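Asks: First the structure, which I've put down as structure tokens, then a few questions once you've had a look.
Every number in this text was worked out from the coordinates using simple rules, so none of it is lab data. Everything numeric in this text was worked out from a predicted model, so none of it was measured. In this analysis, Cβ positions are derived from the backbone assuming ideal geometry, glycine residues included, and neighbour counts consider all displayed protein chains.
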Amino acid sequence: MSRIGKKAVAVPNGVTVTLDGQTVSVKGPKGQLAWTVPDEIEVRQEGAELLVAKRVENTRAQAMWGLSRTLVNNMVVGVTTGYERKLELVGVGYRAAMKGQALSMQLGFSHDVDVPAPQGVTFAVPKQTEITISGIDKQLVGETAARIRRIRPPEPYKGKGVRYAGETVRRKEGKKK
């Protein structure tokens with residue numbers, strides 16, 4: 001039994017939820033998001049809450065129940081407060097700068113690496129060694145952060161590379177004589 005699926009999703013003031021068949025649209029101060037719920041799941045609105053329930057009793061419905069509730073909740077949180085991921089650049093000469101809407105990074109390659117901002121995502125560079133990725137879609141923000149990290153992941157000997165803020169890198173001991 002899903003404990004997450006049983007919880008109701010609170011809809012704060014200023015957020016409008018539209019249910020059109022299996023499509024859930026959420027509109028708030030930061031923007032608008034929509035998602036199509038699987039056929040096994042039913043979403044209904046009661047007052048200032050959204051309730052997610054199973055239509056049928058099978059394993060797929062059980063698996064989709066908690067997932068659907070979480071994705072609807074992520075949409076509500078995204079249009080009200082938004083999501084943000086921070087990356088750190090660790091290494092001598094590693095730095096980032098904004099080039100218009102794109103992110104330009106020097107990561108020890110012979111060339112600069114330019115990353116264009118996807119639709120709905122914005123980059124900010126508060127310091128040369130910090131990158132902030134923000135947007136209303138949690139999946140898109142996380143995916144963009146992972147794509148940037150994949151360009152130069154942290155290596156285990158010196159710890160150089162692009163890492164999430166607060167991430168600890170397991171260090172290895174070097175060669176011995």
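Asks: Limiting things to C-alpha atoms, what are the Rg and the maximum Cα-Cα separation (Dmax) for segment 83-164, in angstroms?
Replies: Taking only Cα atoms of segment 83-164, I get Rg and Dmax of 11.9, 36 Å.
Asks: Let me ask another. Using only Cα atoms, tell me the angle between helix 138-151 and the longest principal axis of the chain; keep it within 0 to 90° and round to the nearest 10.
Replies: That helix lies at roughly 20 degrees to the long axis.
Asks: While we're looking at this one, here's another question. About its Cα centre, what dipole magnitude does the chain give when the only charges are +1 on Lys and Arg Cβ and -1 on Asp and Glu Cβ, stated in debye to the nearest 20?
Replies: Magnitude of the dipole: close to 1200 debye.
Asks: May I have the pair-distance distribution P(r) for the chain, computed from all Cα-Cα distances with 5 Å bins from 0 and rounded to whole percent?
Replies: 1, 8, 14, 15, 13, 11, 10, 10, 8, 5, 2, 1, 0, 0, 0
Asks: Suppose the chain between Arg95 and Glu167 were pulled fully straight at 0.36 nm per residue; how much longer would it get relative to their current alpha carbon spacing?
Replies: Full extension from Arg95 to Glu167 adds 24.1 nm.
Asks: Let me ask you something else. Between Phe109 and Lys27, what FRET efficiency follows from the Cβ-Cβ distance if R0 is 41 Å, with the result rounded to 0.05?
Replies: 0.45
Asks: Further, regarding this structure: Within the chain, what's the longest run with no chymotrypsin sites (Phe, Trp or Tyr not before Pro) in a DSSP loop and at most 15 other beta-carbon atoms within 10 Å? Give the range, please.
Replies: Result, exposed sites excluded: 1-108.
Asks: Whole Å is fine, so just give me how far the alpha carbon centre of segment 127-147 lies from that of segment 1-79.
Replies: That distance is 24 Å.
Asks: Mind pulling up the Rg/Rh value for segment 3-80? Radius of gyration and Kirkwood radius, both on Cα.
Replies: Radius of gyration over Kirkwood radius for segment 3-80 works out to 0.95.
Asks: Go through Leu140, Ala96, Ser110 and say which Cα lies farthest out towards the positive end of the charge dipole of the chain; charges sit on Cβ, +1 for Lys and Arg, -1 for Asp and Glu.
Replies: Positive-most Cα among the choices belongs to Ser110.
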